[in-house]
Amino acid sequence: PPPTAAKLAAGNNSSNRIINSSSNMSSSASLDKNPFTAGTTTVGATGTRKVFIPRDFTNGLELRFSTAFPVQLQGRIPEETFVAVVTNINEILTAAERGSPAVYMESIFACLTGYLLYLCIDTHYEKSLKQVSRLVAEYNRTTFEPNRLMLVDPSDRGLRVLEIVVLND
């Protein structure tokens, strides 16, 4: 028979405790198991729904999100608008990771100053992340909030997913 929670908690094997604690997750949350499609999670007593747009790894490890339109957003926002939003975010993030002479010079000056330069200025990458944050705030104000949706800044989720919260009516 499988060990009980008390036996696992009493044992010295920490991996068993971790497995046990992760299996106690709320049964009210349901997440799409396919990592390449958008998933939905229902959270809390109010039934707030969240739609997750995963990273797109078809071009390798390049930082970009999938532009596949999630079924959960049908009737809430036009597909063309969704694709335009994700494409704009992807373009900024791609430019953030692209090397340029300015980025290389920034790195050289940082090295020469013992990286004290970074106390005075934002890096090219940080500037791009701030640009994405401003863009997300603008999209929320003009596009998502009127449709009872909210796009969460991808930096808040570690650039792993785009999260769209479906607000209650």
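The values are calculated or read from the model by the stated rules, or taken from the named source; none is laboratory data. On a predicted model such as this, the values are computed, not experimentally measured, just so you know. Cβ coordinates were reconstructed from backbone atoms using ideal geometry, including for glycine residues, and neighbour counts include every protein chain displayed. Accessible surface is based on the protein model in full, side chains and every heavy atom, while ligands, DNA and RNA are left aside. Shrake-Rupley method; radii C 1.70, N 1.55, O 1.52, S 1.80 Å.
Points worth noting:
- Helices (runs of 4 or more DSSP H) wholly inside the stretch 48-132 that include at least 2 residues being surrounded by 12 or more Cβ atoms within 10 Å (Cβ to Cβ) and touching a residue at least 40 places away in the same chain (Cβ under 8 Å): 79-97
- Residue match in the stretch 32-46 (condition: closer than 26 Å to Asn168 by Cβ, outside any helix (DSSP H, G or I), modelled with pLDDT of 90 or more and open to solvent by 70 Å² or more (accessible area, probe 1.4 Å)): no
- Selection from the stretch 145-167 of residues that are touching a strand residue (DSSP E or B) at 6+ places or on another chain (Cβ under 7 Å), at pLDDT below 95 and assigned to a helix (DSSP H, G or I): Arg157
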